[in-house]
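Worksheet for the structure shown next.
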Amino acid sequence: MILKLKYFGMIAEAVGKENEEFECANSSVEELNIALKNKYAKLASMNYKIAVNQSFVEPTTLLKDNDEIALLPPFAGG
Amino acid sequence: MEKWNDKGYNPPPSEGLGEALTAQEKKRYSRHLLLDKVGECGQEKLKAAKVLVIGAGGLGCPVLQYLAAAGVGTIGIIDFDVVDESNLQRQVLFSVSDIGTNKAIAAKNSLEQLNQYVNFNIYQEKLSTQNALTLFKQYDIIVDGTDNFSTRYLVNDACVKTAKPLVYGAIYKFEGQVTVFNYQNGPSYRCLFPEAPKAGSVPNCSEIGVIGVLPGLIGTQQANETIKLILGIGTPLSGKLVVHDALQASQFTVNIDRNEEQIMLAQQIDFDSFDYDYFCGLKQNQMEDEINAKELQELIKSETLQIIDVREEWEQPKVAALKAINIPLQTIPENLDKIDKDKKVVIFCQHGVRSLHAIDYLKQQGYNNLINLTGGIVTW
């Protein structure tokens, strides 16, 4: 299946892009996160939340084709 | 939160709501009075409202400017810092002559020129577990314009404890986040980010830069949300995080659910003993990256570790108690999937030199959880 990934803030800098289509076998949010950490080693030390179709879901939630996944880091600045 | 209902801010009459606008005020706020959704009643609500703005920096300046212009009757400003020349690129309340002046004072001086009908309370101090609760209790809404996680968690928890809505904004280079926390059983900051980021992992504006107009974009949205809450108009931005991208002129919205465990956690934190700098890893929490054999013997009793032997398979001695996995140095690149990223990983070799090479390589791969066994396994 194809997932539509969106990266924000430092995450976009770490992976070098703001969007991408990510092809993977059927997987859960947790499995996708592991796949992303394997693809982008810098993610391992970063703090972020994963939203699926604009909501935060359980790590075990299964993803569907065309889901929109956002990796959102906290911002410190003010 | 009895002062709040679905018609917005409604304090008991003893607290001043209903205090009529003077003729001068009616003139000044005439464009508000013309609006059905504000009118005289709304303007009186604004006049009676008390808002505390934490930090008079990039976000604080536009928030303060619009709240003061709108006629919010009492505005608290807390900031311990002084105006620096490098602030003037975005902190629009300040001028060259303010350089070196405390920001709360400089902001008040500037805002008094803007609106003489507002009461400003200034606090030239750092927000802390010692002063937060007393301070927050004197206000109806708290606006977060801080620049570090330790204060953000403190502000959130103090809002939960004192049942005050929190208008949150945060910025990073060209992107900003806005939402309203802790409003009528909505989520809190901890519901969004339960874990504080590792110390130093998320830089602030002074370290990495910020486009000057960004805090203006985010701060005015915070001011807008604050005014909406006071007036009880529109839909409060509660339960939704808006991420604004200044470069694309786009907004991304994500729903945030309330997490009762996190709310409870914030309520139960003891401000007499809790150290937010420690919680955010700014103190002591830095991981020791070297350990000796004796310390390792203790550590394996108290913590689940992964222990990796980077020697060749034939090398002796083997220490069964360590339950080490063997990944010879040269084979590390093809065995990254076996190396844990979450728990502490102790790496050893014969004398502690190859293990350092392994750690150097793994750090480049994004690992930050590595500990070297000083002197190697021969010291066991």
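The values are calculated or read from the model by the stated rules, or taken from the named source; none is laboratory data. What you see is a predicted model; the values in this text were computed from it and never measured. Because the Cβ atoms are built from the backbone with ideal geometry, glycine has one as well, and the counts that use them run over all protein chains shown. Just so you know, the surface numbers come from the protein's heavy atoms only, side chains and all, with ligands and any DNA or RNA stripped out. Shrake-Rupley method; radii C 1.70, N 1.55, O 1.52, S 1.80 Å.
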**Report entry** Distance between modelled label sites at B:GLN268 and A:SER55, nm, 7 Å Cα→Cβ extension
**Finding:** 2.8 nm
Query raised in the report: Where a Cα-Cα gap under 17 Å defines reach, which aspartates and glutamates qualify for B:LYS161, not counting those fewer than 8 residues away within the same chain?
Result: B:GLU2, B:ASP140, B:ASP144, B:GLU260, B:GLU261, B:ASP270, B:ASP272, B:ASP275
Query raised in the report: Cα axis of helix A:29-39 to longest principal axis of chain A: angle in degrees, 0 to 90, nearest 10?
Result: 60 degrees
Query raised in the report: At a probe radius of 1.4 Å, what is the per-residue accessible area of A:CYS24, in Å² to the nearest 10?
Result: 30 Å²
Query - Accessible area per residue, Å², chain B with all protein chains present, probe 1.4 Å - result: 46 Å²
Requested in this report: Rank these residues by their accessible area, most exposed first, probe 1.4 Å: B:THR151, B:THR374.
Outcome: B:THR374, B:THR151
Query raised in the report: Just the accessible area for B:LYS228, please: 1.4 Å probe, Å², rounded to the nearest 10?
Result: 40 Å²
Query - Loss of accessible area when B meets A, both sides summed, Å² nearest 100, probe 1.4 Å - result: 2800 Å²
Report summary line: A 1.4 Å probe over the protein heavy atoms gives region A:2-72 a carbon and sulfur accessible-area percentage of 48 percent
Query raised in the report: Using alpha-carbon positions, what is the distance between the centroids of region A:51-75 and region B:29-46, in Å?
Result: 41 Å
Query raised in the report: Short version: which residues of region A:49-78 lose at least 40 Å² of accessible area, all chains versus chain alone, 1.4 Å probe?
Result: A:LYS49, A:GLN54, A:PHE56, A:LEU72, A:PRO74, A:PHE75, A:ALA76, A:GLY77, A:GLY78
Query - Residues of region A:2-72: accessible area per residue with a 1.4 Å probe, Å² - result: 49 Å²
Report task. Just need the relative contact order of chain A here, percent rounded to a whole number, with Cα pairs under 8 Å and 6+ apart. Result -> 43 percent
Report task. Mind jotting down the distance between the C-alpha centroids of region A:1-41 and region B:95-153, whole Å? Result -> 40 Å
Query - FRET efficiency estimate (nearest 0.05) - Cβ-Cβ, B:TYR117 to B:GLN364, R0 56 angstrom - result: 0.40
**Report entry** Cα-Cα pairs of the protein assembly as shown separated by more than 31 Å (percent)
**Finding:** 50 percent
Query raised in the report: Within the accessible area of chain B, what % is carbon and sulfur when the probe is 1.4 Å and the other protein chains stay in place?
Result: 49 percent
Report summary line: Losing no less than 40 Å² of accessible area (probe 1.4 Å) relative to the isolated chain, the residues of region B:357-380 are B:GLY366
Requested in this report: Quick one: compute the contact order of chain B, relative version, from alpha carbon pairs under 8 angstrom and 6+ residues apart, as a percent.
Outcome: 13 percent
Requested in this report: State which entries of A:LYS37/B:LYS301; B:LYS173/B:LYS343; B:LYS50/B:LYS240; B:LYS37/B:LYS126; A:LYS64/B:LYS198 exceed 26 angstrom in Cα-Cα distance in the structure shown.
Outcome: A:LYS37/B:LYS301; B:LYS173/B:LYS343; B:LYS37/B:LYS126; A:LYS64/B:LYS198
Query raised in the report: Roughly what angle does helix B:103-114 make with the longest principal axis of chain B, taking Cα atoms, 0 to 90 degrees, to the nearest 10?
Result: 30 degrees
Query raised in the report: Where does helix B:293-302 land angle-wise versus the long Cα axis of chain B, in degrees 0 to 90, nearest 10?
Result: 60 degrees
